[in-house]
Amino acid sequence: MATGLLKGLGVTFQEMFRPKVTTKYPDEPYVFPNRLRGIQKLYVEKCIVCHQCANICPTQCITIKEKPKTDPAQKKKELAVFDINFEICILCDLCTEVCPTEAIVMTSNVELAETSRADLHKDLPWLEANNTNVREVNKP
Ligand code: SF4
Ligand code: SF4
């Protein structure tokens, strides 16, 4: 009994002088790895409204709507709506992998806690403004 106690105290004593592996999150921000699959960022001007991201999404959490064309000669499609429902997004990265223009990219941001489920539906302005921890490789 006493031997076990001494062994335990010995381990505790040793650990007191080792570098800490814990952090003070959330008081101090934790820097996630650059390749983490976090909440998406949308570059609206790069989007060609091809719907590939929505089509491949396994949980069908992306809603895309195109702006009606006012000029018949207009070739470029424009986004009217681009929503992601983060109640069911599994951050699988498929939407960003399939995007031909890298209009949608993953970030290293995972902080999406909300008190209301409705607040987990993020729209185009929110996704466009999500500049938190965009991967270096995906920055324009
Ligand atoms: S990360 Fe996966 S689940 Fe989330 S929107 Fe993209 S394809 Fe859908
Ligand atoms: S795959 Fe990319 S370009 Fe196509 S609709 Fe989605 S975000 Fe836009």
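Some observations on this one:
- When each of I90, I48, I84 is tested for being assigned to a loop (DSSP other than H, G, I, E, B), under 23 Å from V134 (Cβ atoms) and within 10 Å of ligand 1 (Cβ to nearest atom), the lone residue that passes is I90.
- I104 within 17 Å of the chain's Cα centre (by Cα) and within 15 Å of ligand 2 (Cβ to nearest atom): yes
- Within the range 126-139, none of the residues are surrounded by fewer than 12 Cβ atoms within 10 Å (Cβ to Cβ), more than 13 Å from ligand 1 (Cβ to nearest atom), more than 14 Å from the chain's Cα centre (by Cα) and farther than 24 Å from V31 by Cα.
- Restricting attention to the range 97-125, the residues that are surrounded by 15 or more Cβ atoms within 10 Å (Cβ to Cβ), among the aliphatic types (A, V, I, L, M) and part of a loop (DSSP other than H, G, I, E, B) total 3.
- Checked against (1) in contact with a helix residue (DSSP H, G or I) (Cβ under 6 Å, 6 or more places away or on another chain); (2) more than 10 Å from ligand 1 (Cβ to nearest atom), V98 passes all but a single condition, namely (2).
- C47 vs. criteria crowded, with 18+ Cβ neighbours inside 10 Å, of a type outside the set (F, W, Y) and touching a Leu at 6+ places or on another chain (Cβ under 9 Å): yes
- Residue in the range 20-38 that is in contact with a Pro (Cβ under 9 Å, 6 or more places away or on another chain) and under 19 Å from A129 (Cα atoms) present: no
Bear in mind these aren't lab numbers, they're just calculated from the coordinates by the rules spelled out. Predicted, not measured: the structure shown is a model, and the values here were computed from it. In this analysis, Cβ positions are derived from the backbone assuming ideal geometry, glycine residues included, and neighbour counts consider all displayed protein chains.
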